[in-house]
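Have a look at the structure below, then the notes.
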Amino acid sequence: MIELATIDYILIFSFFALTLGIGFYVSKTSGKSSKEYFLSGKTMPWWLLGVSMVATTFSTDTPNLVTDIVRNNGVSGNWVWWAFLLTGLLTVFVYARLWRKSNVDTDIEFYELRYGGKPAKFLRGFRALYLGVVFNVMAMAAVSLAAIKIGQVMLGLSAIETLALAGIVTVIFSTLGGFKGVVYTDFILFFTAIIGGVGAAYYCVNLPEVGGLESMLTHENVSGKLSMLPDFSNTEALITLLIIPLAVQWWSAWYPGAEPGGGGYVAQRMLAAKNENHAIGATFFFNVLHYALRPWPWILVALASLIVYPDLDSIQIAFPNVSEDKLGQDLAYSAMLTKLPAGLLGLVIASLVAAYMSTISTHLNWGSSYIVNDFYSRYIKKNASEKELVNVGRISTVVLMLISAVLALVLQNALQLFNIILMFGAGTGLIFLLRWFYWRINAWSEITAMLVSGIISVVFNFTGVGIYMFGGVDSATNAKIAGLLPGWATYPVVVGITTLSWLLVTFLTRPEKKEVLINFYKRTQPGGPGWKAIGMDGFVDSKNNSWNVPSGILATILGCFAVYSALFSTGYWIYGEYFKASITTGIVLILAFVLRRLWFKIRTQVL
């Protein structure tokens, strides 16, 4: 436990007051209608939405997760989430335009636009609760778990005390301000979080125990963890950490904030944009910051922690008040922050509070939008007034927070929940990519994928078969239990079974009615040969009547090389490998120029 100075308290409570003030300020306009409460009237600019996406994905559990990964698998272990850049940029250059054209209020409403009949109705209602409540609560629980660990290590607070303090403030401004309050506060939360993260990294690296950047990078505990690519001579590590994420995971998995084709709170922000260009600009800005620059402060703290706290025993000795069920490698991040001086400590705590509030408020508003728009007003009370819908949204916001807090009390580490959520969405992602461009996919395709991936994931995660995944635990035991498969094969097997299942069902069931398909096509205008069978492949709303998806895919590939080059460039500059840093920086500049030209070719622009 650490003692906070007066300046620390001033910074923390000033931050709380500012966020609550914004919530109260926008509460009157946000409560006018459900569309205002959940989408701010669809008038948001790209830069504000982009910052909001970045702020949302920087949560209290994110640095903990990165620390857990780095301490277990080194810097290269982060490919487990770096691989999601591919689907992120595909969303930018292909799907953002389509989402904005759809003009739905939630991505769940999309189901009754794309599909028809009772299956579509079921899918919309079930997914509203499945994602808005179950998955959403799990994601928030991981965030709250990280807050609990920070509270225990840094402030000596119990789990309940931490959740009460952080949760109450978040629920108040989220309930009052709605989506507009969330986005406005995200702008402040983003800069607070970034400044705090960079400040913490600089100070931790220069601790006397660490000895500065050069000493840290050459330390025996750190030097073997620095590579941004896994050891190519270690076949299992190469397959687990790089090949599977890049070859399979990015297109096959559903994960909050990295849904193939866009979805969740990313889709919510695209739908809230002024127009298609603003939707594209927001998602592009988000992906550049999220993958290229922001991970490095967390990585540096994680590397420094390997010197100060080389193992779990050293963490437990230093922080005996931490309960055994919360002890994990991810705790090292919070442990390092206890060494910060007054002033910087208050700023960093405020930044962590900012990260927590940003993510939780987004998930609360997003999940509540599903409950209100896609369940309550669709199935419970179709003629509900706008005032009633806003009130239901506010009530569901509070309920979601309470449920997630209870779940957080029984979890142990962030990586544990990351793996479970990732496995539950395995094999469903390909549908989300293809349903825009292939007429034959129907509601039964999605229902099958959802059920099969869920059932198989339960079997693999909770019966002892294939618990090991992406550098998880007990791979040898699981290989013996599985009998036939190495640990790394778990995820591809789930993807393969799920994909084959929904493909089989797709062609065994009737296609959607032609009227439904044509209405969907005319509104979104996806184009492409996948609609030729219903005579709509030539109907594209553009001056030259051309299909711009191939150019979008090319832009995605170039964008990935550019962002990954920026990621590597930042790392090389930090490592002092200046020749490599110069080469990768040059690649970034060249690709940025080419990408800009291609961007104009496909008739999109950020500004």
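Details
- Selection within segment 428-465 - in a loop (DSSP other than H, G, I, E, B) and at pLDDT below 75: THR463, GLY464, VAL465
- Cβ pairs under 9 Å, 6+ apart, first in segment 368-381 and more than 10 Å from THR106 (Cβ to Cβ) and without any contact (Cβ under 8 Å) to a residue 40 or more places away in the chain, second surrounded by fewer than 24 Cβ atoms within 10 Å (Cβ to Cβ) and of a type in the set (S, T, N, Q): TYR376/SER396
- From the list VAL104, VAL134, the lone residue that is modelled with pLDDT under 90 and over 17 Å from the mean Cα position of the chain (by Cα) is VAL104.
- Residues of segment 224-251 classified as of a type in the set (Gly, Ala, Ser), over 28 Å from THR428 (Cβ atoms) and either free of Cβ contacts under 8 Å to residues at least 12 places away in the same chain or not in a loop (DSSP other than H, G, I, E, B) (or both), total: 2
- Residues of segment 533-555 classified as at pLDDT below 85 and part of a helix (DSSP H, G or I), total: 2
- Selection from segment 324-382 of residues that are outside any helix (DSSP H, G or I) and closer than 28 Å to VAL308 by Cβ: LEU327, GLY328, GLN329, ASP330, THR338, LYS339, LEU340, PRO341, ALA342, GLY343
- The listed residue being β-branched (Val, Ile, Thr), within 20 Å of PHE58 (Cβ to Cβ) and crowded, with 21+ Cβ neighbours inside 10 Å, out of ILE148, ILE195: ILE148
- Yes/no for LEU217 being closer than 21 Å to GLY74 by Cβ, outside any helix (DSSP H, G or I) and more than 21 Å from the chain's Cα centre (by Cα): no
- Scanning segment 152-166 for residues that are of a type outside the set (A, V, I, L, M, F, W, C), touching a helix residue (DSSP H, G or I) at 6+ places or on another chain (Cβ under 7 Å) and at pLDDT below 80 gives a single hit, GLN152.
- Of the residues examined, ALA282 is not one that is touching a Cys at 6+ places or on another chain (Cβ under 9 Å), at pLDDT 85 or above and either in a loop (DSSP other than H, G, I, E, B) or surrounded by 19 or more Cβ atoms within 10 Å (Cβ to Cβ) (or both).
- Annotation: LEU504 fulfils all but one of (1) exposed (fewer than 15 other Cβ atoms within 10 Å of the Cβ); (2) farther than 26 Å from VAL458 by Cα; the unmet one is (2).
- Hits in segment 554-565 (condition: within 15 Å of VAL594 (Cα to Cα) and in contact (Cβ under 8 Å) with a residue 12 or more places away in the chain): LEU554, ALA555, THR556, LEU558, GLY559, CYS560, PHE561, ALA562, VAL563, SER565
- Looking at ILE307, ILE315, just one residue is surrounded by fewer than 24 Cβ atoms within 10 Å (Cβ to Cβ), in contact with an Asp or Glu (Cβ under 7 Å, 6 or more places away or on another chain) and in a helix (DSSP H, G or I), and that residue is ILE307.
The values are calculated or read from the model by the stated rules, or taken from the named source; none is laboratory data. Note that the structure is a prediction, hence the values are computed from the model and not measured. Backbone-built Cβ (ideal geometry, glycine too); neighbour counts: all protein chains shown.
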